[in-house]
């Protein structure tokens with residue numbers, strides 16, 4: 001099973017306090033991840049501050065644009081892969097420019113880019129950027145995914161869709177990877193169907209073990225019905241981590257984090273279907289053996305990649321320490337499983 005780290009490109013005020021990380025810190029996390037043997041780093045995509053974050057913090061958070069950030073990380077690393085978790089396509093109206101940026105990054109990094117695509121957790125953010133543009137964001141993601149595939153593979157591309165239009169575009173160079181991985185993010189059935197029909201993988205967030213098993217079976221069934229090789233699809237859930245000396249200490253630290261407040265805020269949107277199971281029981285919170293046991297259950301339920309693990313800390317030194325402890329005490333037991 002692959003293990004990767006969440007990169008706080010757009011996490012201040014959400015998962016982390018304000019301020020949290022500088023540009024140097026972001027690069028340092030990636031270099032640290034490569035040194036410790038993580039598969040990749042995954043940054044998220046925000047353009048403006050959410051309403052509840054403005055109410056909580058008097059200082060605006062810094063959101064670093066992930067694709068530009070990866071240009072710097074690619075130059076500072078050699079083998080580490082870089083992914084977006086998620087790139088919010090509805091906020092990126094020019095799909096040709098987006099495709100060009102991704103292809104350029106893949107070329108300059110030596111073929112180390114993976115792209116997770118999503119609708120976005122906060123519709124208010126989409127509406128702030130495009131107050132007069134009416135769109136069904138899920139349909140926009142479907143159309144954008146098709147457009148990216150076309151631009152990445154065809155000599156010349158033309159598309160006349162509801163949300164994206166371009167004509168006779170010859171976009172070169174293509175990505176260095178012949179099949180640049182494109183994942184679909186989201187916990188609901190529509191996201192699973194998108195991944196089954198056209199994605200290279202599915203990226204849910206904070207899914208309880210039994211629900212992950214059921215959803216993975218659904219993903220595989222839908223992929224097979226659509227004539228695809230279900231076993232080739234990555235199942236790449238994202239989880240929160242806090243590794244403590246014992247379970248009680250870990251839960252206490254987890255509940256003191258900005259991360260915990262963020263999960264509570266998502267209970268009305270991204271995580272609204274998780275039910276009554278406590279956040280600390282769904283996520284990787286506990287001592288090393290507890291986390292290993294839960295990680296092995298997630299693998300048995302279908303997970304192939306614990307993608308973009310976010311550590312529930314409030315400072316950069318804590319983050320680097322947690323990354324190292326997880327890599328030394330937990331990761332070897334999950335990677336070799």
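In this rough spin-label picture, where each label sits 7 Å from Cα along the Cβ direction, the residue 133-residue 337 distance is 4.1 nm. For the stretch 2-335, the relative contact order is 20 percent, taking Cα pairs closer than 8 Å that sit 6 or more residues apart in sequence and dividing their mean separation by the residue count. Straightening the chain between residue 229 and residue 158 buys 22.8 nm, computed as 0.36 nm per residue apart minus the Cα-Cα spacing. For the pair residue 146 and residue 318, label points projected 7 Å from Cα toward Cβ lie 4.6 nm apart.
A rounded overall shape is assigned to the stretch 2-335, the ratio a/c of its alpha-carbon gyration tensor axes (a ≥ b ≥ c) being less than 1.5.
Which of the three applies to the stretch 287-337, rounded, prolate or oblate, going by the alpha-carbon gyration tensor with a ≥ b ≥ c and a/c under 1.5 meaning rounded?
Values: a/c = 2.28, a/b = 1.84, b/c = 1.24.
Prolate.
The shape of the stretch 175-323 comes out prolate: with a ≥ b ≥ c from the C-alpha gyration tensor, a/c is at least 1.5 and a/b beats b/c. By DSSP, what percent of the beta bridges with both residues in the stretch 2-335 are antiparallel, rounded to the nearest 5? Of all bridge pairs located within the stretch 2-335, approximately 10 percent are antiparallel. Per-residue ellipticity at 222 nm computed for the chain from its helices equals -13000 deg cm²/dmol, with DSSP H segments shorter than 4 residues left out and the rest contributing -39,500 (n - 2.57). Express in nm, to one decimal, how much length is gained between residue 178 and residue 76 on full extension, taking 0.36 nm for each residue of separation and deducting their alpha carbon distance. Taking 0.36 nm per residue and subtracting the Cα distance, the gain is 34.3 nm. Largest mean-square fluctuation among 97, 27, 88, in a Gaussian network model of the chain whose springs join Cα atoms under 10 Å apart, belongs to 97. Take the Cβ atoms of residue 246 and residue 189, set R0 to 35 Å, and the FRET efficiency comes out at 0.40.
Using a Gaussian network model of the chain in which every pair of alpha carbons under 10 angstrom is joined by a spring, one finds that among 43, 85, 244 the greatest mean-square fluctuation is at 244.
Here the Gaussian network model covers the chain, with springs between Cα atoms less than 10 Å apart; of 293, 200, 45, 293 fluctuates the most.
For residue 124 and residue 261 in one chain, what is 0.36 nm times their gap in residues minus the Cα-Cα distance, to one decimal in nm?
Values: separation 137, 0.36 × 137 = 49.32 nm, distance 1.89 nm.
Result: 47.4 nm gained on full extension.
No lab work stands behind these numbers, since they all come straight from the coordinates. Keep in mind that this is a model prediction, so the values were computed, not measured. FYI the Cβ positions are ideal-geometry reconstructions off the backbone, even for glycines, and counts take in every protein chain you see.
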